[in-house]
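Values in this text are rule-based calculations from the coordinates and carry no lab data. Computed from a predicted structure; not experimentally measured. Counting neighbours? That spans all protein chains shown, and the Cβs are built from the backbone with ideal geometry, glycine included.
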């Protein structure tokens with residue numbers, strides 16, 4: 001009986017408990033602070049899942065409809081197949097600190113695909129740290145049925161990931177046994193799809209037209225007609241030695257090598273990985289194992305050149321880079337006293353030769369002028385001549401080398417000019433945006449932002465101009481020097 005002493009009707013008796021229940025539910029609902037969690041992965045498990053921006057949009061629209069209180073957003077792109085997701089762990093740490101007590105996500109599979117993370121979530125529900133997990137389709141709370149369903153979802157997600165992992169492993173092993181690279185090939189090569197086209201990530205119309213001129217069906221892995229020649233040249237320069245990794249990095253940029261994703265200068269790690277990748281001599285390294293059988297792609301360099309580059313990189317060889325060029329340098333003469341190598345030095349414009357003493361104590365301590373050595377070599381050179389047949393053979397080889405050198409230089413220059421044109425288009429687009437009628441108040445691009453972006457683009461264009469100028473002025477007419485040298489050898493004694 002109510003306090004006023006009047007008996008209540010049956011309808012009133014039914015309404016009051018229900019009103020109290022709804023009030024309690026409303027209180028619980030208003031006390032929930034949700035952590036919004038979105039996740040996508042590059043693995044096959046998420047091929048049919050919305051991207052993070054789409055997930056976030058759906059969740060925020062749902063939160064607005066249901067008047068949900070969102071505390072903080074946690075968004076990441078990482079597989080949930082293994083533990084160690086930074087944003088996910090941060091979200092659970094925040095919940096343990098009491099900064100939120102519920103999770104709002106697109107689907108339970110976004111939260112966990114491994115047994116540890118799934119078990120941790122359910123344990124936190126048991127401890128009362130997580131009051132509710134909500135998706136657009138269902139709400140999961142601390143009751144046996146909901147937790148049982150969550151365990152089923154997590155188990156099914158893990159089973160799906162395990163199956164995917166097995167399929168990927170089998171696919172990779174199958175490719176390796178067939179001699180194919182299981183992924184995007186290194187710089188200097190192109191992936192060709194089953195229809196005979198360059199894959200989208202590497203698509204280039206000019207390169208494709210060059211490949212068509214080969215007059216044969218394209219392999220699944222083809223040498224890049226532009227970057228391939230540049231990579232080969234890069235190996236040939238690296239084997240000379242005398243350059244540390246930073247210098248090699250600058251050289252790769254000058255030749256025209258760029259990162260595929262950002263189009264920027266290669267990092268030190270990328271340069272090191274390029275020069276130590278056995279793929280270039282016709283092998284495939286995967287998970288620490290090198291495969292050499294049934295290799296489908298054509299090598300860019302020889303195994304001998306690759307090994308010599310490794311010796312230079314690991315300090316086992318000094319390379320063949322020389323700072324000075326002397327007539328009798330390079331150890332072509334030996335000391336008459338101890339048989340050790342002879343070195344040269346320039347003193348007051350005069351070149352002198354003397355024993356290095358590397359073979360031990362030597363009695364020959366005097367230095368010999370270069371003109372005196374000339375007189376000693378003259379009797380030998382007088383009887384020296386190069387057969388005409390050999391000269392024809394040598395000059396033919398020189399022309400082939402010159403042709404290859406010219407192709408590399410032209411390919412590198414074309415790539416640099418194309419990059420320069422792209423920067424010019426970016427600069428024009430930036431100016432159009434600045435002068436646009438929609439940017440009168442500078443709401444799209446302020447003066448400071450315009451000047452800052454313009455300075456960056458202009459600096460990159462200036463660097464490219466310098467590279468193009470140096471390449472255009474580069475002395476590639478060394479074949480003329482070879483012709484003059486061969487002519488010189490025919491009358492060397494007279495001209496000596």
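Can you grab the distance from the C-alpha centre of segment 244-306 to the C-alpha centre of segment 182-238, Å, no decimals?
14 Å
First obtain the Kirkwood hydrodynamic radius of the chain from its Cα pairs, then insert it into the Stokes-Einstein equation at 10 °C and 1.306 mPa s, and state the resulting D in µm² per second as a whole number.
My calculation gives 52 µm²/s for D.
Give the calculated FRET efficiency between residue 484 and residue 261 to the nearest 0.05, with a Förster radius of 41 Å applied to their Cβ-Cβ distance.
0.30
Need one number: % antiparallel among DSSP beta bridges in the chain, to the nearest 5.
DSSP beta bridges in the chain are roughly 55 percent antiparallel.
Based only on other Cβ atoms within 10 Å, what is the fewest-to-most ordering of 234, 167, 88?
Listed from fewest to most nearby Cβ atoms, that is 167, 88, 234.
Could you order the peptides 429-440, 297-308, 99-110 from most to least packed, using the average number of other C-beta atoms within 10 Å per residue?
Descending packing order for the listed peptides: 99-110, 297-308, 429-440.
What angle do you read, to the nearest 10 degrees and between 0 and 90, between the alpha-carbon axis of helix 245-255 and the longest principal axis of the chain?
80 degrees
Stretched out fully, how many nm does the piece from residue 417 to residue 73 gain, at 0.36 nm a residue minus the Cα gap?
Result for the pair: 119.4 nm of gain on full extension.
Can you give the FRET efficiency to the nearest 0.05 for residue 292 and residue 393, using r as the Cβ-Cβ distance and R₀ = 22 Å?
0.05
Using 7 Å Cα-to-Cβ label points, what is the residue 410/residue 303 separation (nm, one decimal)?
3.4 nm
What percent of all Cα-Cα pairs in segment 189-313 falls into each 10 Å bin, going from 0 up to the bin containing the maximum distance?
12, 40, 37, 11, 0
For the chain, what does the relative contact order come out to in percent, with C-alpha contacts under 8 Å and a separation of six or more?
8 percent
Hey, what did segment 189-313 get for relative contact order, percent, Cα under 8 Å, at least 6 apart?
Computed value for segment 189-313: 23 percent relative contact order.
Residue 433 to residue 459: FRET efficiency via 1/(1 + (r/R0)^6), r the Cβ-Cβ distance, R0 25 Å, to the nearest 0.05?
E(calc), rounded to 0.05, equals 0.80.
How much length is gained on full extension from residue 310 to residue 380, taking 0.36 nm per residue of separation minus their Cα-Cα distance?
21.2 nm
Taking only C-alpha pairs under 8 Å that are 6+ residues apart, what is the relative contact order of segment 31-163 in percent?
27 percent
Need one number: nm distance between label points at residue 139 and residue 272, each 7 Å from Cα along Cα→Cβ, rounded to one decimal.
The modelled label-to-label distance comes out at 5.4 nm.
By how many degrees, between 0 and 90 and to the nearest 10, does the Cα long axis of helix 478-490 differ from the longest principal axis of the chain?
That works out to roughly 20 degrees.
Which angle between 0 and 90 degrees, to the nearest 10, do you get for helix 227-238 versus the longest principal axis of the chain when only C-alpha atoms count?
For 227-238 against the chain, the angle is about 60 degrees.
What order, most packed first, do the peptides 245-258, 338-351 have when packing is the mean number of other Cβ atoms within 10 Å of each residue?
245-258, 338-351
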